[in-house]
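Here is the structure we will look at, set down as structure tokens.
Read-outs throughout are calculated quantities, based only on the coordinates presented, and are distinct from any laboratory measurement. Remember, it's a predicted structure, so these values are computed and weren't measured experimentally. We place every Cβ from the backbone using ideal geometry, glycine too, and count neighbours over all the protein chains shown.
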Amino acid sequence: MNWITRWKKIGIKVKKIFKTREKIDPSASLWINCSSCGKLNYKDTLKETDWICSACQYYFDKPPLAIVNTFFPNEKTFIEPPTNSGNDDPLNFKTELGSYKDKLAKARKKEKQWCSILGYKGIVENLKVHLVVSNFKFLGGSWGLNESFYFQKIVSDAIENSADVIVLILKTGGVSMFNGTAGLNSVMAGGIVGMQRLKEKNILTVAVGQSKTTGGVLASIFYASEIVILEKGAHDITFAGKKISKNYLAAGESMSDSFGSADEKLAGGLADLVLPRSEIKPTICTLAKIIKKKEDLAGIEEKLDDSKNTIREVLPKTAEKI
Ligand SMILES: [Zn+2]
């Protein structure tokens, strides 16, 4: 056995140890540690604070179904994903740690959904809304052929039902490497075509970025949206991670501490609004009602109370663009 073979064997053993450790599922705990201030938050009480740390206002991941219920507290319809298109594993991807098929099967069983996105539709404040929500726990919220085909189905459904607005609430590691070029093309090129189909039918497209919205999904569908909103305090909104991005700095340049933050994106013109979680839905509805001419500006302004200052600030800008 030469030294290369020996190191490879050691590497495999280390990976197996880590794989065993993964079996201790942190999501089973009743408590969650705030990664900003360290406070232990009881998971059952997070619902009352909208998954925001009560000590420091850090935003925890809000579960996808909780996001859906915020948008549609009453009636809603689930848009079924196309489960018969045979796009699970075109590359038959395997490593020494197991196959992609197994990873996918485990994610489906644990998260009880077909792929990393969910599609719903319903009526909100007299608006026909289609909603796409990421589940980051499903393989890092990555998009491959399954997500791409599902997204196209949601787009077609929005067009057939003359939707007013499609809202994408995303948190994603980007395009899945397990689908290779086919995944890249279907998510990025196909995604842009889908967004264009919506725009041709005058359906307003709104993207909402949570922390860790990255890669090919950020660079295509997300930024092809007409209105781009980021959650307050969101971080890691980047095409590539900090380590890779640092390689592209010119001599003498340094990376700002705010790199990839919501505020940096807003200052650089790569976001229209940065909003607290509680203001996202009302702001989208208000803007959509004006743009879709469901209600006039004066009527909306009359109803706004003092807590809706952000909406009040963007109303004139929105009205100018109509
Ligand atoms: Zn905290």
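Remarks
- Area projected by the alpha carbon convex hull of the stretch 149-251, averaged over all directions, nm²: 7.6
- Förster-model FRET efficiency, 51 Å R0, ASN126 and ILE192, C-beta, rounded to 0.05: 0.95
- Trypsin sites (Lys or Arg not before Pro) within the stretch 83-119: DSSP coil, no more than 11 neighbouring Cβ in 10 Å: LYS112
- Those trypsin sites (Lys or Arg not before Pro) in the stretch 171-261 that DSSP places in a loop and that have at most 14 other beta carbons within 10 Å: LYS201
- By the count of neighbouring beta-carbon atoms within 10 Å, fewest first, ASP272, ASP236 end up ordered ASP236, ASP272.
- Listed by chain and number, the aspartates and glutamates whose alpha-carbon sits under 19 Å from that of LYS242, ignoring those within fewer than 8 places in the same chain, are GLU253, ASP257, ASP263, GLU264.
- Estimated inter-spin distance, SER54 and SER254, nm [label 7 Å along Cα→Cβ]: 4.0
- Only beta bridges with both residues in the chain are counted; by DSSP, about 45 percent of them are antiparallel.
- Relative contact order [Cα under 8 Å, 6+ residues apart], the stretch 72-321, whole percent: 14
- Footprinting exposure proxy for SER278, SER116, SER211 (fewest neighbouring C-beta atoms within 10 Å first): SER278, SER211, SER116
- Computed label-point distance, nm, for sites TYR42 and GLU302 using a 7 Å Cα→Cβ extension: 4.6
- For the chain, the longest site-free run once GluC sites (Glu not before Pro) in DSSP loop states with at most 12 other Cβ atoms within 10 Å are removed: 97-252
- Averaging the Cα positions of each part gives two centres, and for the stretch 114-146 and the stretch 155-230 these lie 10 Å apart.
- A cut-off under 10 angstrom between Cβ atoms defines the neighbours of ILE280, and their net charge, with Lys, Arg +1 and Asp, Glu -1, is +1.
- Subset of LYS62/LYS303; LYS101/LYS171; LYS153/LYS265 violating a 26 Å alpha-carbon distance limit: LYS62/LYS303; LYS153/LYS265
- The stretch 72-321 shape via C-alpha gyration tensor axes, a/c threshold 1.5: oblate
- Label-point separation in nm, SER156 to ASN185, each point 7 Å along Cα→Cβ: 1.9
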